[in-house]
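Let me begin by presenting the structure, written as structure tokens, before commenting on it.
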Amino acid sequence: MPVTIHDLREWRARDERFAMVTAYDAGTARILDDAGIPVLLVGDSLAQVVLGYPTTLPVTLDEMLHHARAVARGAKNALLVGDLPFGTYHASESDAITNAVAFLQAGMHSVKLEGHRPALVSALTRQGIPVMGHLGLTPQHVHAFGGYRVQGRGDQAETVLRAAVDLQEAGAFAVVLECVPAALGARITEALDVPTIGIGAGPGTSAQVLVLHDLLGLTAGPAPRFVKRYADMGADIATAVQAFAKEVAEGAYPAAGHVYD
């Protein structure tokens with residue numbers, strides 16, 4: 001049965017933890033869906049891990065929708081969340097609704113937006129658009145933060161907690177907590193009835209999310225502390241294509257079993 005936002009609420013009520021993973025194309029969406037991942041996020045992280053931008057800021061609505069449509073074609077059971085990119089919900093409520101509708105028409109079941117925007121969450125949910133919030137380190141605010149820094153320490157903790165409560169009261173069906181102290185992640189989870197989805201927010205949240213390329217070992221360079229690499233597919237891919245190139249150079253490929261009579 002397809003997963004819905006109501007399933008997430010029921011899991012939260014029963015304290016059943018779940019995973020969310022990013023997806024950007026039909027093939028990997030199908031694999032993740034078949035593997036039983038219940039929530040797939042078409043994240044604006046595709047700006048960096050797929051399109052090669054330095055931050056999430058340059059990715060456009062058209063680029064996001066292109067990948068959203070691909071994921072919707074590949075996944076049949078997971079709840080699909082589309083990330084509203086930078087600039088698509090900042091100018092006006094009308095713009096935000098129009099752009100969120102575009103994600104639902106592309107096959108998404110909900111949208112995610114960053115920051116403390118309860119009025120906008122309320123406006124979207126009134127239009128029948130389910131909204132996932134995102135607090136803590138919100139990458140679209142990287143320049144305002146002065147870099148990718150942990151949020152919610154010291155006096156900031158109360159601010160993040162109040163913002164999470166505000167988003168829930170505005171109608172958000174879940175809230176992502178990114179790069180906040182573990183104690184704060186647990187405290188916010190305890191304060192909310194909706195699921196919290198942690199990424200660098202400790203083990204006390206209702207769920208966890210990772211960028212697919214990070215957990216598969218496809219990203220280069222040092223990873224954030226919260227990333228656990230469950231595979232080293234970058235090295236596996238390099239080994240495979242090097243073996244292919246070597247066999248081509250030696251004339252070993254294609255062999256008899258790979259040609260047509």
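How far apart, in nanometres, would the label points at residue 26 and residue 169 be if each is projected 7 angstrom from Cα along the Cα-to-Cβ direction? With each label point 7 Å from Cα toward Cβ, the separation is 4.5 nm. Once backbone amide H atoms are built at 1.01 Å from N, residue 192 has no partners under 5 Å, excluding neighbours fewer than 5 places away on the same chain. Ligands, DNA and RNA are left out, and with a 1.4 angstrom probe the accessible area of the chain is 49 Å² per residue. The phi-based Karplus calculation (6.51 cos²θ - 1.76 cosθ + 1.60; θ = phi - 60°) puts the 3J(HN,Hα) values of the range 200-209 at x, 10, x, x, x, 7, 6, 8, 9, 10 Hz, whole numbers, x for Gly and Pro. Residues of the range 92-108 falling in the label zone of residue 60, defined by backbone nitrogen less than 12 Å from a point 7 Å along Cα to beta-carbon, are absent. Ordering of 74-84, 202-212, 149-159 by packing is 74-84, 202-212, 149-159, highest average first (other Cβ atoms within 10 Å, averaged per residue).
Only the Cβ atoms of Lys and Arg (+1) and of Asp and Glu (-1) were treated as charged; on that basis the dipole of the chain about its Cα centre amounts to roughly 380 debye. The fraction of Cα-Cα pairs per 10 angstrom bin, counted from 0 for the range 106-261, comes to 10, 30, 26, 14, 9, 9, 3, 0 percent, rounded to whole percents. For the range 69-174, the residue among 108, 98, 152 whose Cα projects farthest onto the positive side of the dipole built from Cβ charges is 108. In terms of its C-alpha gyration tensor, the range 89-155 comes out prolate, because a/c is 1.5 or above and the ratio a/b outweighs b/c.
Relative to the longest principal axis of the Cα atoms of the chain, the long axis of helix 156-170 lies at roughly 90 degrees.
Global dimensions of the range 175-261 from alpha-carbon coordinates: Rg and Dmax equal 21.5, 69 Å.
Ordering of 55-66, 108-119, 244-255 by packing is 108-119, 55-66, 244-255, highest average first (other Cβ atoms within 10 Å, averaged per residue).
Multiplying the residue separation of residue 91 and residue 143 by 0.36 nm and removing their Cα-Cα distance gives an extension gain of 16.9 nm. For the range 104-261, carbon and sulfur atoms together expose 56% of the accessible surface, with a 1.4 angstrom probe and every protein chain in place. The relative contact order of the range 115-217, computed from alpha carbon pairs under 8 Å that lie at least 6 residues apart in sequence, is 25 percent.
So what is the relative contact order for the chain, in percent, with contacts set as C-alpha pairs under 8 Å and at least six apart? RCO, the chain: 15 percent. By definition, a body whose alpha carbon gyration tensor gives a ≥ b ≥ c is prolate when a/c is 1.5 or more and a/b is larger than b/c, and the chain fits this prolate description.
Per-residue ellipticity at 222 nm, computed for the chain from helices alone with -39500 (n - 2.57) per DSSP H run of at least four residues, works out to -12000 deg cm²/dmol. Take the alpha carbon gyration tensor of the range 50-105, find the square roots of its eigenvalues, order them as a ≥ b ≥ c, and report rounded if a/c is under 1.5; if not, report prolate when a/b exceeds b/c, else oblate. Verdict is oblate for the range 50-105.
The values are calculated or read from the model by the stated rules, or taken from the named source; none is laboratory data. Predicted, not measured: the structure shown is a model, and the values here were computed from it. Because the Cβ atoms are built from the backbone with ideal geometry, glycine has one as well, and the counts that use them run over all protein chains shown. The area values use the complete protein model at the heavy-atom level, side chains included, leaving out ligands, DNA and RNA. Shrake-Rupley method; radii C 1.70, N 1.55, O 1.52, S 1.80 Å.
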